[in-house]
Structure formats: C-alpha cells, structure tokens
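Since every read-out is calculated from the coordinates, none of them should be taken as a lab result. Everything numeric here is computed off the predicted structure, so don't read it as measured data. Here the Cβ is made from the backbone with ideal geometry for all residues, glycine too, and neighbour counts use every protein chain on show.
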Amino acid sequence: MSGPFDETRAAATRWQALRARLKAERAACDAPRPLRALAEEFARCALALLFPQFAHPSRLGPAGVDEEAVHLETLLRAAITPLVADAEPVIAAFLGRMPDVLAALLIDAEAIVAADPAAESLEEVIVAYPGFLAIAVHRVAHALYRLEVPIFPRILSEWSHRETGIDIHPGARIGSGFAIDHGTGVVIGETSDIGDRVRLYQGVTLGAMAVKKTLANSKRHPTIGNDVVIYANATILGGNTVVGDGSIIGGNVWLTSSVPPRSVVQFSSRVEQRGGDDGIEFHI
C-alpha cells in the first residue's frame, strides 16, 4: 500500500515529465509571438495617441504624439509581421485610416453625451465610459479586420471585452454616432450591420439563430437600421432579421423576425407602428 511519500514522489515525477515534454515541444517549433501582451499594449497606445486622457503623464506634450505614434507602429509591426505575407503595406494602410477612426470616435462620444442625461461632458465620456472604450477599441480592431489581418483584431476585441464586459466582434460593421449606455453584457456578433445613430443598453445581444460551423461565411447576425434604440436585455437574432430605421426595441424582447421602419416592439412581441415625432407612446 502506498503512503503519502510515494504519492508525493509520483506527483513530482509527473511534473518533471510534463516540463520535459513542454521543453521538447518548444524546441521543435518557432517561438510564438506574445500576441496577448502586444494587443493590450497596442490598444492602450492607440487610445493614448488619439486621446490625451489616456496618455502617460510624461507624454502629454506635443512631443508625446510622435513618441506614441512611433510606438504604435513598432507594436503593430511586431504583432502582424508573422501573421501576414507582406506587413508593410498593411501597416501603412492602417495608419492611413487612423484619421477616420478618430473622426468617427469623436462623433460617437458626442452621441453618448447627447443620449445620456448623466453625462456631463465629452471628457467624462472619453475617460470614464466603458461603452466608449469598447467602441474605440472596436473601431481600431475593425480597421485591421478589414485589412484581413488574422487573429490580432480578435485579440484586441477580447482585451476590450475583459476591460468593459462588452463583447464586439471586430468584423461587426457599425455606423456613425454609435452609443452604448452602461454596456455590461452587450454582445455584437461578427456579421452584425448597425446603422447610424444607434443606441444600445446593457445586456443587448445581436446574435445568430444557430451556431454551426457550416455557417461561418454567411450572414448570421441581424441588421439594425439608422436611429434605432434597443433597450436592456433585448435579444435580436438571425442574419435575415432587419430592424427598420427609427424603431424602438423594448427591454427583454426576443426578436427573430424583421420589423418595418418606425416600429415599437414591446416585451409582448407585439409590433406597433410609430406615428410622427409627437405623442409617441412606448411601454416596456
């Protein structure tokens, strides 16, 4: 009968064997890039470059812009050189899109200020709002996704997910003036298509009707029109589901079919047509 000493010795032997196996496996292949660490640093650097509110105190002056810009380019090169056949044109194209990213994010921040009575200033939104942070990282990741950079955009989005509780796939297409209020638990799938001036609350899911590998290259997630508001914990599913412009989707609604423009969808799943801008009645 074995005793504690024998069990301890056997455990030590198994541990040593595991270490030996892992060393052999690493010796047999090229060392992988530390993509998670690079992605986190890259995301922070991109934010610090575009918004001084995220910058290190030592880089707040004009010279800090050049320092952050050089650092951002260096990090991107280190991350994607092993991932793409010719990294330099991709890097140049991404950097050329950064002015558009900044312009879009400023409109997003203004939309959040306009939509949230609790937001007292643009700076508060930029510094403190998890919804803005998630949108900012998404717009950076989406620029890389459109350039067909593999893996790295997804790691960026997952860093943002860990930071904010908001999960936006880098492939999702999101229009101008996007606002996420509170945000915890928001999920936006890869093939989601979101129009301009859309507002989401916490717990909203834009998901697929079925999770099948055979659907990988198909439109699986819904299309949301312009000027749509989707309240807390609503779930909208399916690649054929279209929410028309100007619609309101109430809290806890489960929606799997399209609704026309200016609809009000309540918890009962009854669809009503909105009238003009005066006298809208909406009950969740």
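Side notes on the structure shown:
- Relative contact order, percent, the chain [alpha-carbon distance under 8 Å, six or more residues apart]: 9
- For the range 32-164, convex hull volume per residue from C-alpha positions, Å³: 104
- Ellipticity estimate at 222 nm from DSSP helix runs (n ≥ 4, -39,500 (n - 2.57)) divided over the chain, nearest 500: -15000 deg cm²/dmol
- For the chain, the alpha carbon convex hull comes to 221 Å³ per residue, rounded to a whole number.
- Comparing Cα centroids, the range 151-185 and the range 230-247 end up 17 angstrom apart.
- Residue among A46, A134, V149 farthest towards the positive dipole end of the range 32-164, charges placed on Cβ: V149
- Extreme residue, positive dipole direction of the chain, given options G250, V264, G185 (C-beta unit charges): G185
- The chain - share of DSSP beta bridges that are antiparallel (%, nearest 5): 10
- Along the chain, the longest continuous region that contains none of the GluC sites (Glu not before Pro) in a DSSP loop with at most 11 other C-beta atoms within 10 Å is 149-280.
- Cα centroid separation - the range 87-133 against the range 5-71, whole Å: 26
- Proximal aspartates and glutamates to K212, defined as alpha-carbon separation beneath 17 angstrom and excluding residues fewer than eight positions away on the same chain: E190
- GNM top mover of L22, L237, L50 - the chain, alpha-carbon springs below 10 Å: L22
- Computed from Cα positions, the angle between helix 4-27 and the longest principal axis of the chain comes to roughly 80 degrees.
- Assigned charges on the beta-carbon of Lys, Arg, Asp, Glu; the chain dipole about Cα centre (debye): 1440
- When the Gaussian network model of the chain links Cα atoms closer than 10 Å, the mean-square fluctuations of G61, G185, G246 top out at G61.
- Cβ-defined net charge surrounding Q202, 15 Å radius [Lys, Arg +1; Asp, Glu -1]: -2
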